[in-house]
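Since the structure comes first, as structure tokens, the remarks are kept for the end.
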Amino acid sequence: MKNSIVLKTILLISGLVATGVGGAILFLPVAFYAASGIELGGNVSLLNELKAPAIAMLASGIFVMSGAFVARLTLIAVVMSAFLYLSFGLSRLLSMAMDGIPAESLVQAAALEIVIGLACVFALVRYRENTARSTSGSAAFDPVN
């Protein structure tokens with residue numbers, strides 16, 4: 001990727017989204033899910049089950065954002081972000097195929113997750129191409145500068 005601003009932007013956006021969603025589920029789950037028409041009620045077990053992966057998403061988002069600033073974390077941050085978003089997006093598509101179409105906001109979430117995941121794959125492919133060129137002696141690639 002010739003312009004690392006693109007890579008930094010992808011990492012920052014994907015990290016911010018994951019951090020925001022993870023934080024919202026962890027600290028404001030009733031309001032977060034109500035925005036999609038999902039009523040959680042006072043089911044403590046359901047709240048516990050929803051919050052369990054929230055901190056992993058929050059931590060992943062922080063790590064992905066750090067990849068925009070710490071060169072040695074960039075590659076793994078892009079890979080992590082691609083897996084995170086594509087796994088969520090593809091799981092939602094599978095659910096739609098098996099269970100039917102959910103609320104519009106959840107369909108939009110699936111689309112956003114797939115777009116962010118594919119942007120990360122794009123960045124990963126470009127990162128690998130430039131790394132291969134730099135090891136062959138043509139052009140050096142610094143993913144964060």
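Each value in this text was obtained by applying a stated rule to the coordinates, not by laboratory testing. What you are looking at is a predicted structure, and each value in this text was computed from that prediction instead of being measured. Neighbour counts run over all protein chains shown; Cβ positions are idealised from the backbone, glycine included.
Note the listed values [x] 13, 45, 33, 8, 1; [y] 12, 36, 30, 15, 6, 1, 0; [z] 12, 35, 27, 15, 8, 2, 0, then indicate which one is P(r) over Cα pairs in 10 Å bins from 0, in percent calculated from this particular structure.
Given [x] 13, 45, 33, 8, 1; [y] 12, 36, 30, 15, 6, 1, 0; [z] 12, 35, 27, 15, 8, 2, 0, the calculated one carries the label [y].
Using the per-residue mean of other Cβ atoms lying within 10 Å as a proxy for protection, in what order, highest first, do the peptides 47-58, 98-109 fall? Display every interim value, and only then the final one.
Numbers: 47-58: 14.7, 98-109: 11.7.
In descending order of packing, they fall as 47-58, 98-109.
Would you work out which of Pro53, Leu40, Ala97 lies farthest towards the positive end of the dipole of the chain, given +1 charges on the beta-carbon of Lys and Arg and -1 on that of Asp and Glu, about the Cα centre?
Projecting each Cα onto the dipole axis, the largest value belongs to Pro53.
About the Cα centre of the chain, what is the dipole size in debye to 20, counting +1 per Lys and Arg Cβ and -1 per Asp and Glu Cβ, all else neutral? Provide the component values of the computation, followed by the final result.
On the way: 8 positive and 7 negative charges, 127 e Å.
Roughly 600 debye for the chain.
So if each residue of separation counts as 0.36 nm, and I subtract the Cα-Cα distance between Met96 and Phe69, what length gain in nm does that give?
In short, 6.0 nm is gained.
Would you be so kind as to identify all helices of the chain, as entire DSSP H runs, whose Cα atoms reach 30 Å or more along the helix's own axis and whose mean Kyte-Doolittle hydropathy is at least 0.0?
Those that pass (Cα extent of 30 Å or more, hydropathy at least 0.0) are 4-27, 71-99, 104-135.
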